[in-house]
1. Quickly run through region 236-278 and pick out the residues that are in contact with a strand residue (DSSP E or B) (Cβ under 8 Å, 6 or more places away or on another chain) and of a type in the set (K, R).
2. Within region 76-115, take every residue that is of a type in the set (D, E, K, R) and either without any contact (Cβ under 8 Å) to a residue 24 or more places away in the chain or touching a Gly at 6+ places or on another chain (Cβ under 6 Å) (or both) and give me the one that is surrounded by the most Cβ atoms within 10 Å (Cβ to Cβ).
3. If you scan region 32-45, which residues turn out to be more than 15 Å from D175 (Cβ to Cβ) and outside any strand (DSSP E or B)?
4. Does at least one position in region 127-142 carry a residue that is more than 23 Å from D39 (Cα to Cα) and crowded, with 23+ Cβ neighbours inside 10 Å?
5. Can you pull out every residue in region 250-278 that is part of a loop (DSSP other than H, G, I, E, B) and out of contact with any helix residue (DSSP H, G or I) (no Cβ under 8 Å at 6 or more places or on another chain)?
6. Please list, ordered by first then second residue, the pairs with beta carbon atoms under 8 Å, 6 or more apart or interchain, first in region 203-223 and of a type in the set (S, T, N, Q), second assigned to a strand (DSSP E or B).
7. Please state which one of P55, P64 is farther than 19 Å from A2 by Cβ, in a loop (DSSP other than H, G, I, E, B) and not acidic (D, E).
Amino acid sequence: MAIHSDWGDWLPRAVEDATPEGFSLWYLGCNGFILKGSDGTTLFIDPYVGTGDPPRTVRMIPVPFDPDDVTEADAVLATHEHTDHVHGPSQAPILESTGATFYAPDDSLAVARDDEKWTEEWDVSPDQFEAVEEGDTFEVGEFTVHVEPAHDDDATHPVSYVIEHESATFFHGGDTKPGDELAAIGEEYDIDLGVLAFGSDGWIPDKETREPKYTKWYSDENEIAAAADALQLDCLLPTHWDMWKGLTADPTALYDHTRSYDYPESLEIVEIGDRVDR
């Protein structure tokens with residue numbers, strides 16, 4: 001499957017040319033991010049440039065880059081096994097061209113190894129796969145990555161990541177919803193910026209029957225506000241609201257929903273391609 005970028009190669013080149021003072025992150029739409037530190041360490045988290053499975057899942061935003069245009073990456077992190085988080089055509093070419101390591105929980109690695117056969121379809125070595133589980137900590141260049149639980153009943157083994165840098169601490173929750181797991185994370189870490197998935201509910205064709213099925217994949221306004229409060233986030237950055245037709249949402253509504261909580265202290269709304277500095 002060939003990927004065609006709607007934006008050419010400007011985004012990979014912009015990341016490569018950037019020299020952050022602390023670290024910078026670029027929002028890739030859906031739940032994807034690129035993080036780059038002041039020493040040049042570059043991490044991808046859940047990058048997805050597929051178009052979904054029309055008419056069931058229909059991508060509503062541009063494809064911001066072609067994975068073949070990525071020449072600098074130290075690691076690709078996956079939060080869980082769903083297609084928009086583990087996707088060979090989006091991620092394997094990055095491993096192929098950069099030699100980056102793919103960090104993921106077991107069920108996500110099973111998709112890459114067994115279902116999509118990355119090592120056969122691309123020039124990816126088995127030693128580029130690294131299994132992670134809750135409680136693990138590993139270093140990638142200037143970043144320290146802590147693997148923490150996530151509360152996502154739609155996934156078979158989801159995790160979240162707390163990524164520490166000397167300038168700030170970043171949390172990526174995958175598609176987590178509120179749960180006791182998040183309160184424990186909020187107590188353990190001082191999180192400067194946290195990413196949580198947000199969206200509406202809707203009638204989406206069933207994966208097998210293609211009949212309309214009431215679907216709820218992401219936190220609604222009240223749930224994401226409760227999750228951000230449990231995590232004690234300084235700043236909340238909502239994601240996923242832009243992606244799928246029928247499940248999109250208005251992130252500006254979160255100003256009202258977070259107002260009565262102690263956390264988050266602020267709300268950062270970004271669009272695909274935007275850069276945030278910390």
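Just so you know, all these numbers are worked out from the coordinates, no wet-lab data involved. Model, not experiment: these values are computed from the prediction. Note: ideal-geometry Cβ built from the backbone for every residue, glycine included; neighbour counts use all protein chains shown.
1. K245, R275, R278 - these are the residues of region 236-278 that are in contact with a strand residue (DSSP E or B) (Cβ under 8 Å, 6 or more places away or on another chain) and of a type in the set (K, R).
2. Only one residue fits best here, namely R113.
3. The answer is S38, D39, G40, T41.
4. No, because not a single residue in region 127-142 is more than 23 Å from D39 (Cα to Cα) and crowded, with 23+ Cβ neighbours inside 10 Å.
5. The answer is D250, R259, S260, E265, E268, V270, E271, I272, D274, R278.
6. T215/G202; T215/W203; T215/I204; S219/L196; S219/A197; S219/F198
7. P55
Let's see how each residue does on (1) under 24 Å from G174 (Cβ atoms); (2) in a strand (DSSP E or B); (3) in contact with a His (Cβ under 9 Å, 6 or more places away or on another chain):
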position	(1), (2), (3)
A2	no, no, no
V15	yes, no, no
E21	no, no, no
C30	yes, no, yes
P47	yes, no, yes
